[in-house]
Amino acid sequence: MTPQLDWRRARFATVVALSAWGFGAWVILTWTLTAEQLAFGVAISVGVAVALAPLGPARGPWWLLHPRRLPAAVWLIFVTAYRVVVANVKLSARIWSPRRPLSSGMIVVATHERSDGELAAVGLISSLIVDNQIVDLDRRSRHLQFHAVAVPEGDRRAARAKVNGPVEVLLAPLENRHG
């Protein structure tokens, strides 16, 4: 097989993987299953995937279906959903009860993640939980900056244990690492 054919096959696989992720996100965000909505979602997903494919290879959602990774992926979804609900209830209580002190601010925490996918997963998953929203990352020094609704007290190690540490521990089995 020629290198040119290998490159095209890898690029096609990346476009398919990114299209699958994009279409899944489209369905979740629009929550409408009409033929027009689905067709538009496919078109948008493929267009975005073609534009993003030159950035590098991507794994499709089917990668999570491997028997070794599936339980970890289900657990990650369950724990993240739980933390989203708890964080939203806490934020609502903070808003409805003005007596509760607001200690929002910016925090910088270390990360053990190295690859683009791992960094993206930690940033996106931790930002789904409204307590902390990723603002910036420094790949070289492996630090993430978050805006926190309630800045954790203590040193950076304590902040990492509350902000991105739990997400990194849940991601470790997906990459066959130990948290």
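For the pair residue 140 and residue 158, the difference between a 0.36 nm per residue extended length and the Cα-Cα distance amounts to 4.3 nm.
Relative contact order of region 74-179: 30 percent, from C-alpha pairs under 8 Å at least 6 residues apart in sequence. What does the charge count around residue 14 come to, taking other residues whose C-beta lies under 14 Å from its C-beta (Lys +1, Arg +1, Asp -1, Glu -1)? Summing Lys/Arg as +1 and Asp/Glu as -1 gives +2. Candidate values (1) 12.9; (2) 13.5; (3) 14.2 were compared with mean projected area of the Cα convex hull in nm² computed on the shown model; the agreeing label is (2).
Tally Lys/Arg at +1 and Asp/Glu at -1 over every other residue whose Cβ is under 11 Å from the Cβ of residue 131; what's the total? Please list the in-between numbers first.
Details: positive: 83, 90, 94, 162; negative: none.
In short, +4.
Seen from residue 83, the other residues with C-beta closer than 14 Å to its C-beta sum to a net charge of 0, counting Lys and Arg as +1 and Asp and Glu as -1.
Take the chain with all the other protein chains still there, run a 1.4 Å probe, and you get 66 Å² of accessible area per residue. Tell me, what % of the accessible area of the chain is carbon and sulfur with a 1.4 angstrom probe? C and S fraction of accessible area: 67 percent.
For the chain, what is the calculated [θ] at 222 nm in deg cm²/dmol (nearest 500), taking -39500 (n - 2.57) for each run of four or more DSSP H residues and dividing by its residue count?
On the way: 6 runs with 100 residues, N = 179.
Here the helix-only value at 222 nm equals -18500 deg cm²/dmol.
The values are calculated or read from the model by the stated rules, or taken from the named source; none is laboratory data. Just so we're clear, the structure is a prediction, and the values are computed from it rather than from any experiment. As a convention, Cβ positions derive from the backbone with ideal geometry for all residues, glycine included, and neighbour counts pool all protein chains shown. We work out accessible area using only protein heavy atoms, side chains counted, and drop any ligands, DNA or RNA first. Shrake-Rupley method; radii C 1.70, N 1.55, O 1.52, S 1.80 Å.
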